[in-house]
Amino acid sequence: MQITLKVWRQSDANSPGDFVSYPVDNVTEDMSFFEVIDMLNDELVLRGEEPIAFDHDCREGICGTCGIFIDGRAHGPLQGVTSCQVHMRSFTDGQEIVVEPWRARAFPVIKDLAVDRTAFDRIMASGGYISVNTGSSVDANATPISKHDADEAFDAAACIGCGACVASCKNASAMLFVGAKVSQYALLPQGQPESKERVLNMVATMDDEGFGSCTNTGACESECPKEISLEHIARMNREFIKASLG
Amino acid sequence: MSWFKSFLNSSIGKKTVMATTGLLLCLYLVVHLGGNLLLYAGPDVFNGYVKNLTAFKPLIRVIEVVLVIIFGAHIVNGLRLAIENKKAGGTSYQLNRKNENSTPSSRTMAITGSVLLLFLIVHLATIWYNFQIEHSGGQFFNIITGSDVGLGNMFIAVLYGVAMVLMGFHLKHGFQSAFQTFGIRFNRHGKLIEMVSILFWLIIPAGFLSIVIYFGFMGGAN
Ligand code: HEM
Ligand code: SF4
Ligand code: FES
């Protein structure tokens, strides 16, 4: 296959940036999208040009480091996968693929396709934990938890913090991320002692970081690589309303 | 009261206000359409109905004040959210296939809402003003159907028609969205909410629209 990557290039946070088109030959449909960028980067280095900066680590959909707007969708055209799991068979020979960084005021571009997602870290630092004295681990069944709650908490905990929810939301809202993080504790007994401060503090930090609020369009749920459900936003809303009013 | 203020200024607080006021406005639509359908019964019945309402003047005034508060909160908060959310979005994408992940009605709440606001201003400045301030010599039916500020005026009829279609669009997303905002869970109650939603986004706007079409475009008053 021959494809053209139309990539956002921006040398640093304060430069304006623009799109540059790169034709790439010798692409096979079994290559991953990232292998194509690797191939292009090798060529750019040989030509003495700056390679394209993009975040990636595990390249198997578990770390959440990668996050690129590929061909008009967060993490590319497939559902339930990260950018590193996109393969060239999802595109057609001769296609021009637009490649952009996440766009949100709270996620400023650092360079090219890499954005600063430390706003998520600050949200986590404001309540995404439980305070316990670490000792030896307790007996596995000391605290019984129903299968339903355990499953739902696990689904929420599957969030890898990639930011696709923010990137695909017209309001750049982080409610799916925060909803998942609030839910994973709200569903379990270990989360109860700090539940009230947790939801109040995490939502306050989310608002301060400049994320928008939710219009319930559902774009986040559709684009989330871990298919985190809107139910978790509903649960966070309930927790927040309860914590605020009572 | 500081907790209340910080609740109202939080993202979820603002959403809760939108959802509460939005659903109350939906309730008002039911009452309003009920009265309007009497137009089909002819001038005597309709004029009599409006005159009877006048007998409850103090009550009507209280309801009006409540409505102003509800509408005011919905509009001010809605426009505030629209501005804040626009700012949060930052630079737009060169290519964004939004239709793959969300419905047009959910993405255009501020636009459909703004047209409704325009309609509301015209509606109050003409019909409400004539009914409540001028009293119109009891000829309420004629005001509604006439060519002065009523549906006999092509501009008014078109504006009203467009507004009712867009209200359906606003509520197609808005009604069910309000329940999600309250944290009433989709999966468990989704089917019921969806069914009731049809009443608000389809049947009620269609009821209002039928009046616009009958009296505005089919000469129903003659
Ligand atoms: C008069 C002008 C109006 C304006 C400017 C307006 C504006 C808005 C906006 C911007 C939103 C979305 C807020 C967000 O989630 O980001 C919204 C939601 C909503 N609106 Fe309106 N609206 C208007 C009239 C109405 C009317 C007449 C009704 C009902 C009869 C209504 C019912 C609703 C409902 C139920 C919601 C959903 C609340 C939620 O998602 O939680 N609106 N409105
Ligand atoms: S909720 Fe989904 S899209 Fe959002 S950060 Fe977590 S894994 Fe990524
Ligand atoms: S690089 Fe780890 S999820 Fe994509």
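In the range A:168-204, the residue that is surrounded by the most Cβ atoms within 10 Å (Cβ to Cβ) out of those that are within 15 Å of A:Arg238 (Cβ to Cβ) and among the small types (Gly, Ala, Ser) is A:Gly179.
Rundown of residues vs (1) outside any loop (DSSP other than H, G, I, E, B); (2) surrounded by fewer than 23 Cβ atoms within 10 Å (Cβ to Cβ); (3) more than 16 Å from ligand 1 (Cβ to nearest atom), yes/no style:
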| position | (1), (2), (3) |
| --- | --- |
| A:Thr28 | no, yes, yes |
| A:Gly48 | no, yes, yes |
| A:Asp57 | no, yes, yes |
| A:Phe107 | no, no, yes |
| A:Asp121 | yes, yes, yes |
| A:Gly128 | no, yes, yes |
| A:Thr134 | no, yes, yes |
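In this entry, A:Arg89 is excluded by the filter for residues that are more than 12 Å from the chain's Cα centre (by Cα), within 13 Å of ligand 2 (Cβ to nearest atom) and at pLDDT 95 or above. Residues of the range A:82-106 that are within 14 Å of another protein chain (Cβ to nearest Cβ) and of a type in the set (A, V, I, L, M, F, W, C): A:Phe91, A:Ile97, A:Val98, A:Val99, A:Trp102, A:Ala104, A:Ala106. Looking across the range B:33-46, the residues that are touching a residue at least 24 places away in the same chain (Cβ under 8 Å) and closer than 14 Å to B:Ser210 by Cα come down to B:Leu33, B:Asn36, B:Leu37, B:Leu39, B:Tyr40.
A:Asn201: within 24 Å of B:Thr108 (Cα to Cα) and over 20 Å from the mean Cα position of the chain (by Cα), yes or no?
no
Restricting attention to the range B:79-131, report how many residues are within 16 Å of ligand 1 (Cβ to nearest atom), hydroxyl-bearing (Ser, Thr, Tyr) and within 14 Å of another protein chain (Cβ to nearest Cβ). Of the residues in the range B:79-131, 6 are within 16 Å of ligand 1 (Cβ to nearest atom), hydroxyl-bearing (Ser, Thr, Tyr) and within 14 Å of another protein chain (Cβ to nearest Cβ). Applying the selection to the range A:77-103, what residues are within 13 Å of B:Asn96 (Cβ to Cβ), out of contact with any Asp or Glu (no Cβ under 9 Å at 6 or more places or on another chain) and either in a loop (DSSP other than H, G, I, E, B) or hydrophobic (A, V, I, L, M, F, W, C) (or both)? If the condition is that a residue be within 13 Å of B:Asn96 (Cβ to Cβ), out of contact with any Asp or Glu (no Cβ under 9 Å at 6 or more places or on another chain) and either in a loop (DSSP other than H, G, I, E, B) or hydrophobic (A, V, I, L, M, F, W, C) (or both), then A:Trp102, A:Arg103 are the ones that fit. Restricted to the range A:205-231, and to residues there that are more than 7 Å from chain B (Cβ to nearest Cβ) and surrounded by fewer than 19 Cβ atoms within 10 Å (Cβ to Cβ), the residue that is farthest from B:Thr16 (Cα to Cα) is A:Glu227.
If the condition is being assigned to a loop (DSSP other than H, G, I, E, B), among the hydroxyl-bearing types (Ser, Thr, Tyr) and open to solvent by 50 Å² or more (accessible area, probe 1.4 Å), then the range A:4-26 contributes only A:Ser11.
The values are calculated or read from the model by the stated rules, or taken from the named source; none is laboratory data. Owing to the predicted nature of the structure, the values given are computational and were not obtained by experimental measurement. Cβ coordinates were reconstructed from backbone atoms using ideal geometry, including for glycine residues, and neighbour counts include every protein chain displayed. Just the protein is used for accessible areas: all its heavy atoms, side chains included, with ligands, DNA and RNA removed. Shrake-Rupley method; radii C 1.70, N 1.55, O 1.52, S 1.80 Å.
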